[in-house]
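One structure is given below, encoded as structure tokens.
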Amino acid sequence: MFGAKVTLVHVFDLYGHESFQLYVRPLSEVVEEQQNLAREKLNSFLKSELPLTESSRILLSGDAAKQIVQLAKRDKFDLIIMPTHAGFFRRNLLGSTTAKVLNDADCLVLTTQHAETISPRRLEHREWVCAIGLNADSERVLRYASQLAKAARANLTLVHATPANGPELAVQMDLEERLQSSKREAASRRVEELQAATGSHAPVSIVIGPIKDALTEAARRLRADVLVIGRSPLTGALGRLRDLSYALARDAPCPVLSV
């Protein structure tokens with residue numbers, strides 16, 4: 001679709017494979033054996049879908065997230081694709097390899113639902129949904145979403161979620177309705193400005209409620225093939241860890257493209 005070159009990367013943990021062997025055999029011998037086994041598995045993986053002559057395969061060892069991020073930076077990768085974990089670990093994405101890559105990678109990251117826990121449907125790239133904010137970084141996110149959806153020949157819908165007033169705010173029903181209407185109007189004006197700046201003409205849905213729930217429900221309702229979200233340009237505990245990237249990647253009903 002994008003004329004992209006695909007590289008398969010596998011990171012194996014030496015100490016996660018029969019580490020007791022280190023007590024009875026020389027380290028160099030164990031390392032060589034583990035590398036050979038990992039290389040055989042990597043070279044035989046998806047051979048028909050991604051022939052070795054067309055898709056390079058890179059074997060690394062060490063901390064998976066660190067190695068993936070460093071490789072992506074070194075080789076100037078445009079996109080990292082990786083699954084979230086299944087079961088309990090999928091529901092608790094923080095601390096996983098995927099979460100660390102989302103936090104540290106500078107390039108786009110596409111997270112996919114774990115194939116062991118779902119019945120995958122064909123990605124037809126008909127419907128893309130972009131979760132749009134109203135901050136200074138939103139123009140960058142919308143520009144990415146517009147260009148990629150156009151290249152994929154997909155319909156793009158913008159969804160902006162505004163939190164409802166907290167329960168501590170006691171207001172009369174008519175005043176509450178006016179506040180919600182005011183929020184929608186202000187959000188619509190800002191999204192209109194963003195679309196004008198990026199040349200986008202996508203339909204817009206403004207929803208009121210918990211942001212994560214509203215966005216995942218919109219993706220489900222629209223049967224989105226991809227949900228596009230923005231990650232903070234900042235990294236570390238004071239940066240991307242504060243946003244909704246992990247919760248959305250964890251709970252979205254479709255693959256999530258984090259830009």
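On the basis of being at pLDDT 90 or above, outside any loop (DSSP other than H, G, I, E, B), within 22 Å of Arg250 (Cα to Cα) and among the polar types (S, T, N, Q), does Thr157 make the cut? Before you say what the answer is, go through the steps one by one.
Working: at pLDDT 90 or above: yes; outside any loop (DSSP other than H, G, I, E, B): yes; within 22 Å of Arg250 (Cα to Cα): yes; among the polar types (S, T, N, Q): yes.
Yes.
Can you find, within the range 24-48, the residue that is modelled with the highest pLDDT among those that are surrounded by 11 or more Cβ atoms within 10 Å (Cβ to Cβ) and farther than 16 Å from Leu60 by Cβ?
Among residues in the range 24-48 that are surrounded by 11 or more Cβ atoms within 10 Å (Cβ to Cβ) and farther than 16 Å from Leu60 by Cβ, the one modelled with the highest pLDDT is Leu46.
Ala38 - would you say it is out of contact with any His (no Cβ under 7 Å at 6 or more places or on another chain) and under 24 Å from Thr98 (Cα atoms)? Step through it out loud before you land on a result.
Values: out of contact with any His (no Cβ under 7 Å at 6 or more places or on another chain): no; under 24 Å from Thr98 (Cα atoms): yes.
Spelling it out, it is not the case that Ala38 is out of contact with any His (no Cβ under 7 Å at 6 or more places or on another chain) and under 24 Å from Thr98 (Cα atoms).
Which of the residues spanning the range 183-208 are open to solvent by less than 50 Å² (accessible area, probe 1.4 Å) and closer than 23 Å to Pro255 by Cβ?
Thr198, Ser200, Ala202, Ser205, Val207
The values are calculated or read from the model by the stated rules, or taken from the named source; none is laboratory data. What you are looking at is a predicted structure, and each value in this text was computed from that prediction instead of being measured. Counting neighbours? That spans all protein chains shown, and the Cβs are built from the backbone with ideal geometry, glycine included. Only protein heavy atoms, including side chains, enter the accessible area calculation; ligands, DNA and RNA are left aside. Shrake-Rupley method; radii C 1.70, N 1.55, O 1.52, S 1.80 Å.
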